[in-house]
Structures are given as structure tokens and as C-alpha cells.
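Enquirer: Encoded as C-alpha cells, here's the structure I'll be asking about.
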């Protein structure tokens, strides 16, 4: 009898694993890059932008990111670099011209917290693609403090917008 207990428990755990994975929340934190220096084609952050980037982790202290994504521009990478460095995570690039494919790949990730840095136009578009509707519009050029928190679970999406 004792010899059967471990295999039965193992079998039950294996059978429950897909159900547990299906119920896991995925949290996707979307944000526009912080304030930029406007003098260059691929500008760095301004002093205000670096200050905002350094506040991001404390503003979202309740979240423990597993993954970081950024477009391949200095200002987006610099916005999330302090947080990624503090967690020892690498920043992975994504193509802002392929948002539909990127959104679909994010939806397949289960049980993780993901931070995505984008732009005034791509960040609301990505939020819309994750939500499945056109709820958000392009941000005004002066808006740098808006963050979308999108939670995906069992094919459903919930969103919240915060400022920092």
C-alpha cells in the first residue's frame, strides 16, 4: 500500500498541473518611456526622465517582475534599466511595428509579471491589443506618468491605469 501512495500522488499532481497553470494570473505593466532629451534622433532621457526612471520601482513596489521588455531605443531601455538591474533581470527587445504578434506572445505567458516600456503611441495600442478593444488613445507628448496594469486570467483581461 505504501508503495502506491507516492506514484498516486505524483499522478494526481501531474493531472492538476494544466488546471493550475490555466488559473494563474499574468500581470503586464505597460508604460511609456520617461521624459526625453529632444535634441537627438534616438534621445536619452532628460534629467527629469532619469529621476522618473529611478522612482519607477518604488512606485510599483507591490509588483515583482519576472521579465522586462523594451523597444530598441535608448529612452525606453533607460526608463526600465534601474528596475531591471535591481532585480537582476535582462531587458529583452520587442518590435513596436509588430504589436499584434507581441501581444499574442505575451498572452501565452502564464503566472508571470512582465514590464513593457514603449512609446506614446505604441503603449496604448499594446494595451488595446491585450484587452481586445480600442479603449485607449495615443498619449499626448507631454504625458509620461501613465501606467497600465493589465491582468490576464483564463482568457479574460482586466485593466487599471495609474499615474506616478
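The values are calculated or read from the model by the stated rules, or taken from the named source; none is laboratory data. Treat the numbers as computed from the prediction; the structure is a model and nothing was measured. Neighbour counts are summed over all protein chains in view; Cβ atoms, including those assigned to glycine, are modelled from backbone coordinates with ideal geometry.
Enquirer: For residue 126, are the conditions met, namely being surrounded by 12 or more Cβ atoms within 10 Å (Cβ to Cβ) and closer than 15 Å to residue 25 by Cβ?
Expert: Working: surrounded by 12 or more Cβ atoms within 10 Å (Cβ to Cβ): yes; closer than 15 Å to residue 25 by Cβ: no.
Considered against the rule, which asks whether it is surrounded by 12 or more Cβ atoms within 10 Å (Cβ to Cβ) and closer than 15 Å to residue 25 by Cβ, residue 126 comes out as no.
Enquirer: Is it the case, given these coordinates, that residue 60 is touching a helix residue (DSSP H, G or I) at 6+ places or on another chain (Cβ under 9 Å), more than 26 Å from residue 98 (Cα to Cα), surrounded by 13 or more Cβ atoms within 10 Å (Cβ to Cβ) and at pLDDT 95 or above? Spell out how you get there, then give the answer.
Expert: Values: touching a helix residue (DSSP H, G or I) at 6+ places or on another chain (Cβ under 9 Å): yes; more than 26 Å from residue 98 (Cα to Cα): yes; surrounded by 13 or more Cβ atoms within 10 Å (Cβ to Cβ): yes; at pLDDT 95 or above: yes.
Criteria met by residue 60.
Enquirer: Would you be able to tell me the number of residues in the range 58-75 that are under 13 Å from the mean Cα position of the chain (by Cα) and over 18 Å from residue 105 (Cβ atoms)?
Expert: First pass over the range 58-75, keeping only residues under 13 Å from the mean Cα position of the chain (by Cα): 60, 63-71.
From what's left, over 18 Å from residue 105 (Cβ atoms): 60, 63-64.
So the answer is 3.
Enquirer: Does residue 37 meet the test of being in contact with a helix residue (DSSP H, G or I) (Cβ under 8 Å, 6 or more places away or on another chain), at pLDDT below 95 and surrounded by 12 or more Cβ atoms within 10 Å (Cβ to Cβ)? Don't jump to the end; show me each part of the working.
Expert: Details: in contact with a helix residue (DSSP H, G or I) (Cβ under 8 Å, 6 or more places away or on another chain): yes; at pLDDT below 95: yes; surrounded by 12 or more Cβ atoms within 10 Å (Cβ to Cβ): yes.
So residue 37 passes the test.
Enquirer: In the range 124-164, which residues are within 26 Å of residue 37 (Cα to Cα), touching a strand residue (DSSP E or B) at 6+ places or on another chain (Cβ under 8 Å) and assigned to a loop (DSSP other than H, G, I, E, B)?
Expert: If the condition is that a residue be within 26 Å of residue 37 (Cα to Cα), touching a strand residue (DSSP E or B) at 6+ places or on another chain (Cβ under 8 Å) and assigned to a loop (DSSP other than H, G, I, E, B), then 136, 139, 143, 144, 145, 164 are the ones that fit.
Enquirer: Are there any pairs, at least 6 apart or on different chains, whose C-beta atoms fall under 8 Å, with the first in the range 102-117 and on the phi < 0 side of the Ramachandran plot and surrounded by fewer than 16 Cβ atoms within 10 Å (Cβ to Cβ) and the second part of a loop (DSSP other than H, G, I, E, B) and at pLDDT below 95, and if so, which?
Expert: 110/24
Enquirer: In a helix (DSSP H, G or I) and more than 11 Å from residue 30 (Cβ to Cβ): does that describe residue 86? Break it down into steps so the answer makes sense when it comes.
Expert: On the way: in a helix (DSSP H, G or I): yes; more than 11 Å from residue 30 (Cβ to Cβ): yes.
Criteria met by residue 86.
Enquirer: State all residues of the range 36-50 that are in contact (Cβ under 8 Å) with a residue 12 or more places away in the chain and either on the phi > 0 side of the Ramachandran plot or in a helix (DSSP H, G or I) (or both); if no residue qualifies, say none.
Expert: Scanning the range 36-50 gives 48, 49, 50.
Enquirer: I'm trying to understand the selection: among the residues of the range 51-83, which are more than 18 Å from residue 28 (Cα to Cα) and without any contact (Cβ under 8 Å) to a residue 24 or more places away in the chain?
Expert: Within the range 51-83, 51, 72 meet the criteria.
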